[in-house]
Amino acid sequence: MALQCIEITYGGPEIGGPFIGALHWDDALTGPRPGVMVAPAFRGRSEFEEARAQELAALGYVGFAIDYYGQGWTTTDAAEAHAAKDKLDADRATLAARMVAALEALKSHELVDAERTAAMGYCFGGKAVLDLVREGVEIGGVASFHGILDRATTAPDMKIVSEVLVMHGWDDPLARPDSVLAFGQEMTERGAKWQLHAYGNTGHAFTNPAAKPGAQPGFGFNVKATARSWRALVDFLAEVLR
């Protein structure tokens with residue numbers, strides 16, 4: 001195994017670019033291989049998402065840690081992150097366009113088999129990959145970890161052609177049971193091949209070791225849910241990218 005990483009710049013100013021993402025791959029492998037986007041949580045691309053992209057590379061994929069803010073912007077300041085996230089959340093059409101641009105960048109790279117791509121995301125990144133699939137794009141599947149499930153009013157009313165996996169903490173205050181039911185109804189009505197794994201006694205940010213259980217109601221790292229959700233992802237990718 002010879003894991004490699006490079007940053008690439010993609011997307012134009014018309015959607016707030018350019019954007020800076022990081023490609024991870026195993027140089028010991030030859031030829032194009034499936035590519036998987038990793039959309040970050042609300043703080044922007046960080047070591048956490050880079051580590052997930054690296055794990056994907058070790059599995060034989062090209063892992064692409066993307067940037068949906070522009071210029072590779074990221075922050076460790078929660079207030080700054082919330083302000084940036086809220087601004088983008090208020091313009092879901094732009095969020096979707098930025099996700100489409102990232103997918104196009106991944107598909108066009110010489111290391112990637114453009115016919116075999118997928119996307120995964122955490123928290124706001126989970127919402128972002130769901131907004132991507134709502135655009136009706138050609139992608140094998142998307143997976144959301146403790147993502148926000150609401151449909152944007154700007155989402156086109158069209159068939160969802162790829163598979164969808166949602167991994168959800170049942171106690172997540174940002175995606176309450178009524179939004180889970182609405183999401184299921186939406187996916188069914190739009191023809192998606194979808195599945196939802198709900199983890200009991202589990203809240204938002206359950207994959208994040210920095211989210212201390214009990215520090216905020218409905219939030220917190222959960223070791224078992226993290227392990228179970230990653231196994232579900234690995235199986236999902238093997239199925240949709242075969």
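Tabulated results
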quantity	calculated
Qualifying position, being farther than 15 Å from Leu130 by Cα, in a helix (DSSP H, G or I) and not basic (Lys, Arg), among Thr226, Thr202, Thr207	Thr226
Segment 148-173 - residue that is closer than 29 Å to Ala238 by Cβ and open to solvent by 60 Å² or more (accessible area, probe 1.4 Å) and, of those, nearest to the chain's Cα centre (by Cα)	Arg151
Residue identified as of a type in the set (D, E, K, R), part of a helix (DSSP H, G or I) and open to solvent by less than 50 Å² (accessible area, probe 1.4 Å) among Glu239, Glu186	Glu186
In segment 1-33, the residues that are buried (at least 23 other Cβ atoms within 10 Å of the Cβ) and more than 19 Å from Tyr122 (Cβ to Cβ)	Gly11, Trp25
Residue identified as touching a residue at least 24 places away in the same chain (Cβ under 8 Å), open to solvent by 60 Å² or more (accessible area, probe 1.4 Å) and over 26 Å from Leu196 (Cβ atoms) among Glu104, Glu80, Glu115	Glu104
Hits in segment 146-160 (condition: touching a residue at least 60 places away in the same chain (Cβ under 8 Å) and hydrophobic (A, V, I, L, M, F, W, C))	Ala152, Ala155
Any pair with Cβ under 7 angstrom, 6 or more apart, that starts in segment 1-29 at a residue that is over 18 Å from Ser46 (Cβ atoms) and ends at one that is part of a strand (DSSP E or B) and open to solvent by 40 Å² or more (accessible area, probe 1.4 Å)	Thr9/Ile20; Pro18/Thr9; Trp25/Gln4; Asp26/Leu3; Asp27/Gln4
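The values are calculated or read from the model by the stated rules, or taken from the named source; none is laboratory data. None of these values were measured; they are calculated from a predicted model. Positions of Cβ are backbone-derived with ideal geometry, glycine not excepted, and every protein chain shown enters the neighbour counts. Side chains are part of the model used for accessible areas, which takes the heavy atoms of the whole protein and leaves out ligands, DNA and RNA. Shrake-Rupley method; radii C 1.70, N 1.55, O 1.52, S 1.80 Å.
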